[in-house]
Amino acid sequence: MDDIPLSTLGLALAILLVVSGFFSLAETAMMAANRYRLKHRALHGERGAKLAVALLGQTDRLLGVILLGNNLINAAAATLTTVITVRLFGEGELALGLGTVAVTFAILVFSEITPKVIGAAHADRIAPVASFVLAPLLKATWPIVGFVNLFVQALLRLLRVQPAAEAGTAMTQEELRTIVLEGQYLRRKHRAMIANLLDLENITVEDVMTPRPQIHGLDLAAKPALLTQQLATTYHTRLPAYEDRLENIVGIIHVKQVLQLQHDGEIGGDALRTIMRPPYFVPAGTPLLTQLQHFQTDRQRLGLVVDEYGELTGLVTIEDIIEEIIGEFTTQAPDGPGSFARGPDGSVVVDGMTPLRTLNRKLGTSFGLDGPKTLNGLIVEHLGEIPEAGVRVEVAGQPMEILQTQDRAVRVVRLLSPVGRPPAPPLQSTGPQASSAG
């Protein structure tokens, strides 16, 4: 190399550093690229994405060709630096040491750190482009890479390390939920909906049902005048029909079908029996996702929830389940247990039968959901008795005051300020409706 000008050697060294930087850039970009996005682009015919997906399917060979090229280039750069140093400063130890420091610094800055930072920041754009170089390079160096990988695979087996492609990349539901919530590829509302959908398997119909005391039904044994009045004033499209007592439900009546029977006169129980449908019962512990599938298969919109003894405990509609995914979208009866009234002091007056899930979601409280389902149940369980009006208590860090107790239950409660997180714009209730609306 004594006959080669120093300018040519310097140019060759710069080229080697650039090529080394390419390998570092490609390595980081290929490993950091979003594989699902690449697969999506590949399905739409993008050639670079197809090459990238194919290369990522053989990660050991991909890393083999990248590291082979990178190490050969770095070794050549180090050798060339030594030649340039000797030509300039002689063969002294100090000169060689300075040359080693200089080439190490240059490789770190120009060939390692900077390219890798760029590759990580723009991985999805760089990976398909780099694949056009890496794919033919892998074919050209296949014998060398394959030979080296024989020793690599033997060492991995000795260490009992399973390659990622063989180990599998299946994610748990919680991991997938975290990816959805932390990802920046979806709008906030869409992320929340997908996360809620994943949570349906962990929520049962008992968590969102309308409790039995809040079910609005029709007593077929009642006088026609009373039945007519109830049908005329109801807020719901479907109502359970029973005889004498609510536990004895004999069918479901679609209110719209009543219009076909009603002319100028009143509607009696016998007429309602002609249009009612058989009741549809569901177990209390059924996961919401399973129940949603059952509603779809059985072509039902309303189910009567029963416990292990067959006793009626509540009512669930398909709207209750859908609201768990997308939030409230139905109209609720005035002053139902899902409605709130915020006072000027920041306190909130709520119905004692409001589900705890609704309070947590709308007001930011942190009531536990493993035990009682309603605020009344939580207070009674905490105190061990039915409290009188005026009693103050603190549960899960939330101070509250009982305003009204009636029929062996807490009916109205004031949640004292501060209530959960800072108040949002005008409150609207969510969660299960306080009736049998379908």
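Please state which of the following conditions T100 fails to meet, knowing it meets all the rest: (1) in a helix (DSSP H, G or I); (2) on the phi > 0 side of the Ramachandran plot.
Result: T100 fails condition (2) only.
Condition check: at pLDDT below 85, in contact with a Ser or Thr (Cβ under 9 Å, 6 or more places away or on another chain) and surrounded by fewer than 18 Cβ atoms within 10 Å (Cβ to Cβ). Does T82 satisfy that?
For T82, the condition - at pLDDT below 85, in contact with a Ser or Thr (Cβ under 9 Å, 6 or more places away or on another chain) and surrounded by fewer than 18 Cβ atoms within 10 Å (Cβ to Cβ) - is met.
Per-residue answers, yes or no, for (1) of a type in the set (S, T, N, Q); (2) touching a helix residue (DSSP H, G or I) at 6+ places or on another chain (Cβ under 8 Å); (3) closer than 30 Å to G268 by Cβ; (4) surrounded by fewer than 20 Cβ atoms within 10 Å (Cβ to Cβ):
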site	(1), (2), (3), (4)
L200	no, yes, no, yes
D207	no, yes, no, no
P213	no, no, yes, yes
L218	no, yes, yes, no
K223	no, no, yes, yes
Q230	yes, no, yes, yes
Y235	no, no, yes, yes
L239	no, yes, yes, no
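Report yes if T274 is in the same structural domain as V250 (by TED's automatic domain parsing) and at pLDDT 90 or above, otherwise no.
no
Strands (runs of 3 or more DSSP E) wholly in segment 202-309 with at least 2 residues that are touching a Gly at 6+ places or on another chain (Cβ under 6 Å) and not hydroxyl-bearing (S, T, Y) - which ones?
On the way: elements: 238-242, 249-254, 281-283, 302-306.
In segment 202-309, the matching strands (runs of 3 or more DSSP E) lie at 238-242, 302-306.
To keep it simple, each residue is scored yes or no on (1) surrounded by 13 or more Cβ atoms within 10 Å (Cβ to Cβ); (2) in the same structural domain as R301 (by TED's automatic domain parsing); (3) at pLDDT 85 or above.
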| position | (1), (2), (3) |
| --- | --- |
| S339 | yes, no, no |
| G352 | yes, no, yes |
| P372 | yes, no, yes |
| E381 | no, no, yes |
| G384 | no, no, yes |
| V391 | yes, no, yes |
| P422 | no, no, no |
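Only one of (1) over 30 Å from E201 (Cβ atoms); (2) surrounded by 13 or more Cβ atoms within 10 Å (Cβ to Cβ); (3) at pLDDT below 80; (4) hydrophobic (A, V, I, L, M, F, W, C) fails for V255. Which number is that?
That leaves (3) as the condition not met.
Suppose we filter segment 340-369 for residues that are within 22 Å of R212 (Cβ to Cβ) and assigned to a loop (DSSP other than H, G, I, E, B); how many remain?
The qualifying residues number 5.
Just checking, does segment 121-137 include any residue being exposed (fewer than 15 other Cβ atoms within 10 Å of the Cβ) and polar (S, T, N, Q)?
Within segment 121-137 (the criterion being exposed (fewer than 15 other Cβ atoms within 10 Å of the Cβ) and polar (S, T, N, Q)), the answer is no, since none of the residues qualifies.
Which of the residues that make up segment 61-112 are farther than 26 Å from V152 by Cβ and β-branched (V, I, T)?
Of everything in segment 61-112, those that are farther than 26 Å from V152 by Cβ and β-branched (V, I, T) turn out to be T81, T82, V83, I84, T85, V86, T100, V101, V103, T104, V109.
Hey, among the residues in segment 23-36 that are buried (at least 20 other Cβ atoms within 10 Å of the Cβ) and part of a helix (DSSP H, G or I), which one's farthest from the chain's Cα centre (by Cα)?
Checked segment 23-36; the qualifying residue farthest from the chain's Cα centre (by Cα) is F23.
Within the bounds of segment 46-53, is there any residue that is within 22 Å of V129 (Cβ to Cβ) and either at pLDDT below 90 or part of a loop (DSSP other than H, G, I, E, B) (or both)?
Yes; the residues of segment 46-53 include at least one that is within 22 Å of V129 (Cβ to Cβ) and either at pLDDT below 90 or part of a loop (DSSP other than H, G, I, E, B) (or both).
Give the residues of segment 146-158 that are within 41 Å of the chain's Cα centre (by Cα) and either within 21 Å of L56 (Cβ to Cβ) or modelled with pLDDT under 85 (or both), sorted by residue number.
Within segment 146-158, N149, V152, Q153, L156 meet the criteria.
The values are calculated or read from the model by the stated rules, or taken from the named source; none is laboratory data. These numbers come from a predicted model, not from an experiment. Here the Cβ is made from the backbone with ideal geometry for all residues, glycine too, and neighbour counts use every protein chain on show.
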